[in-house]
1. Is it true that some residue in segment 81-89 is in a loop (DSSP other than H, G, I, E, B), of a type in the set (Ser, Thr, Tyr) and either out of contact with any Ser or Thr (no Cβ under 6 Å at 6 or more places or on another chain) or within 19 Å of residue 137 (Cβ to Cβ) (or both)?
2. Mind listing just one residue for me: the one in segment 12-63 that is in a loop (DSSP other than H, G, I, E, B) and of a type in the set (D, E, K, R) and, of those, farthest from the chain's Cα centre (by Cα)?
3. Pairs please, first residue from segment 72-91 and under 17 Å from residue 35 (Cα atoms), second anywhere and modelled with pLDDT of 90 or more and of a type in the set (Asp, Glu), Cβ atoms under 6 Å, 6+ apart in sequence or on different chains.
4. Please tell me if residue 58 is buried (at least 20 other Cβ atoms within 10 Å of the Cβ) and either more than 22 Å from residue 132 (Cα to Cα) or of a type in the set (D, E, K, R) (or both).
5. Just wondering, is there one or more residues in segment 106-114 that are within 19 Å of residue 40 (Cβ to Cβ), among the small types (Gly, Ala, Ser) and surrounded by fewer than 16 Cβ atoms within 10 Å (Cβ to Cβ)?
6. Out of 84, 69, 17, which single residue is out of contact with any Leu (no Cβ under 7 Å at 6 or more places or on another chain), buried (at least 16 other Cβ atoms within 10 Å of the Cβ), of a type in the set (D, E, K, R) and modelled with pLDDT under 95?
7. Quick check, is residue 82 acidic (Asp, Glu), touching a helix residue (DSSP H, G or I) at 6+ places or on another chain (Cβ under 8 Å) and closer than 17 Å to residue 10 by Cα?
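The values are calculated or read from the model by the stated rules, or taken from the named source; none is laboratory data. Predicted, not measured: the structure shown is a model, and the values here were computed from it. Cβ: placed from backbone, ideal geometry, glycine included. Neighbour counts: every protein chain shown.
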Amino acid sequence: MIDTSLLRKIELFASLEPLHLAHLASIGRELALPKDEIIFEEGDVGTDLYVVADGSVRISKIVPGIGEEALAILRAGSYFGEMEFADRSIPRAARALAHERTLLYCFSYTELDDLLGTDRDLALAIKTAMLRTLVRRLRATNDKVTAMFAMAQFG
């Protein structure tokens, strides 16, 4: 079982009550990965939400004719897989792989659904934290696109 004191350090779970953390810990599992181990590929069906407990994860896309384009390096305390958790009709948007030796906490969508369905306060806290992350990532993407357009005008 996952240590709740470690969960408390994760941004997604930082505001949760001890009982909520205990419930999450009871459904989570640890996954230790060597460097360059693929967690999932772009296009895969999403089944789990992942939290980086230690190490780092590279989120990337394969660009035909160019190769791998890294979108982000997620370090301890970050999480991923929330887009497909929020919308199960879409496949994984990118590839995820261990950037170095990494320890992940994995939470299956099915077990998360069951847990969130029985505790409204927990569901609200987690979904609010996910929304903040999605907004932050959207803003970062907007900034990158704006910078690319600006460079294209002068380049």
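1. Checking segment 81-89: at least one residue is in a loop (DSSP other than H, G, I, E, B), of a type in the set (Ser, Thr, Tyr) and either out of contact with any Ser or Thr (no Cβ under 6 Å at 6 or more places or on another chain) or within 19 Å of residue 137 (Cβ to Cβ) (or both).
2. Among those that are in a loop (DSSP other than H, G, I, E, B) and of a type in the set (D, E, K, R), it is 17.
3. 76/54
4. Answer is yes for this residue.
5. Checked segment 106-114: at least one residue is within 19 Å of residue 40 (Cβ to Cβ), among the small types (Gly, Ala, Ser) and surrounded by fewer than 16 Cβ atoms within 10 Å (Cβ to Cβ).
6. Exactly one residue qualifies, and that residue is 84.
7. Yes.
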